[in-house]
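To keep things clear, I will list the structure first and then write my remarks on it.
The values are calculated or read from the model by the stated rules, or taken from the named source; none is laboratory data. Note that the coordinates shown come from a computational prediction; the quantities given were computed from them, not determined experimentally. Counting neighbours? That spans all protein chains shown, and the Cβs are built from the backbone with ideal geometry, glycine included. For the accessible areas, the whole protein counts, side chains as well, though only heavy atoms, and no ligand, DNA or RNA atoms are used. Shrake-Rupley method; radii C 1.70, N 1.55, O 1.52, S 1.80 Å.
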Amino acid sequence: MADHKRKKVLGSLQPDIEDILDWNKLPENSFEPATSQEKESFIQDRKSVSYWKDAWRRLRRNRVAMVAMVIVILIALFAFVGPYFVPYGYDQQIRGANNMHPWHYSLEDQARIDEYLAEHNVVSLTPEEAVEQARAEAAAEGRELTSVEEAKIRAQAKANQGSGDEVTEEDAIAALGIKAKPFGYSDDELQRMANGESVFPHIFGCDTHGRDILARTMIGARVSMIVGICCALIVLVIGAIYGSISGYCGGKVDSVMQRIVEVIYTIPEVLIILLLGATLKPVFEEFQNSGDGPLQRLVTVLGPNLIAIFIAFGLLYWVTMSRIIRGQILQLKQQEYVTAARALGASGGRIIKRHLLPNCIGQIVTTTFLQIPSAIFTESFLSFLGMGVSAPMTSLGSMCSDALGGLTSYPYRLFIPAAILSVMILCLNLFGDGLRDALDPRLKK
């Protein structure tokens, strides 16, 4: 009876004394020294992971962002490396290649196909209409049709009405022995190929002036990406400096600087770009005529409208970046390491440069990267309206504008640059969103 354990009442708060007494019954080897193997398994040394490695690890898990990054890299290779493999310039007019489709027949083959189709696909006429048409053709030649000829024409017209057979273009190609479609070659280039010369095909065809669309698309994508990157860097420099000073100083300085930002927010950006382009155009024309130095050539290539876009971004588009940086600085300047730097006598500029801005690097990189598609869209929009790059320089927006004139006959001239522009902006935004998620320490898992 002594060994009998009393059952615990269900719901009772009284602890089980017997189990507590068993806690002291430890194994005999409990206090023996641990072996080396047990020590290694108890404390595992792991390699320390830096901020950027941890961000890259989280970015790789975002499949949408990684696919977007690969597409952006491919478009960048297409824009910056592709022109070196195409022997045509973006402003080079190729003789005999005007309005050439990506896939087309030579003019000689097309004439043979049309003639064959005209001979074998007789227009369905009534016998009397066929006779009247034949009489008119004979009268034009100065003779009259005989009754036998009229009877043959009536019989042929009846036969054509009864048979619904129609010779297609593929039938004509097979009957004439045309082996295949020449892939993007003009008649002059086909003749050069027949003479044994090597000719690069016009994969995307040519425009009205005989300029290769592939080369122009590559240069247009390059111009759009360069404009986007340069404008984003301008926004980064001005916005980071302005926002960090406003947030660090605080008080009246911050109030005045933020009122200036609010005033800039009310200014229409497109209107400023148009006014700057119209105002700077005579100034730049006079500067171009003043000499033939590298600056004059650069102004000639860019044009007043594109330079106005850069100036407008430097004047207006940095306000969003400055507000984001200001918000981060207001939080970080209360940290202990900032107080310690002040106690050691560090100046405000040194604290901003060495302590505050490096801790805002995630927001800076993300905001700068998301500014690139915005700048590309603005440049393409203005170029589409004819207020962007100056001819003969091209961009994706100006190519879309030029394609509107022949939209019904040559729709591919609009679809090709529009598709590349849309995919590029979409992928840049998707990758920017993934980059923001990877660099934000609050989203760590």
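Annotations
- For the pair ASP440 and LYS281 in one chain, pulling the backbone fully straight at 0.36 nm per residue adds 52.9 nm over the alpha carbon distance.
- Solvent-accessible ranking of PHE85, PHE369, largest area first, probe 1.4 Å: PHE85, PHE369
- If you plug the beta carbon distance of CYS249 and ARG61 into 1/(1 + (r/R0)^6) with R0 = 51 Å, you get a FRET efficiency near 0.80.
- Cβ-based net charge around PHE369, under 15 Å, with every Lys or Arg adding one and every Asp or Glu removing one: -2
- Once both labels are positioned 7 Å from their Cα atoms along Cα-to-Cβ, the gap between ILE264 and ASN429 label points is 2.4 nm.
- The reciprocal of the average 1/r between distinct C-alpha atoms defines the Kirkwood hydrodynamic radius, which for segment 246-389 equals 17.9 Å.
- For segment 341-400, the Kirkwood hydrodynamic radius comes to 14.5 Å, computed from all pairs of different C-alpha atoms.
- Hz values of 3J(HN,Hα) by residue in segment 320-336 - Karplus curve (6.51, -1.76, 1.60), Gly and Pro given as x: 5, 4, 5, 5, 5, 5, 4, x, 5, 5, 4, 7, 6, 6, 8, 6, 5
- Gain in span if fully extended, LEU404 to ARG354, counting 0.36 nm per residue against the direct Cα distance: 12.7 nm
- Listed values for segment 97-102 are Karplus-derived 3J(HN,Hα) couplings in whole Hz (6.51 cos²θ - 1.76 cosθ + 1.60, θ = phi - 60°), namely 10, 5, 6, 8, 6, x, and x replaces Gly and Pro.
- For segment 203-295: span of alpha carbons on each principal axis (Å, largest first): 63, 36, 27
- Dipole of segment 310-397 [Lys/Arg +1, Asp/Glu -1 at C-beta], most positive-end residue of ILE361, GLN371, LEU385: ILE361
- Over all other residues within a Cβ to Cβ distance under 15 Å of ALA341, the charged ones net out to +4, with Lys and Arg as +1 and Asp and Glu as -1.
- Linear extension gain, LEU295 paired with PHE85, 0.36 nm per residue minus alpha-carbon span: 72.8 nm
- Measuring nothing but how far apart in sequence close Cα pairs (under 8 Å, 6+ apart) lie, relative to its length, segment 199-344 scores a relative contact order of 35 percent.
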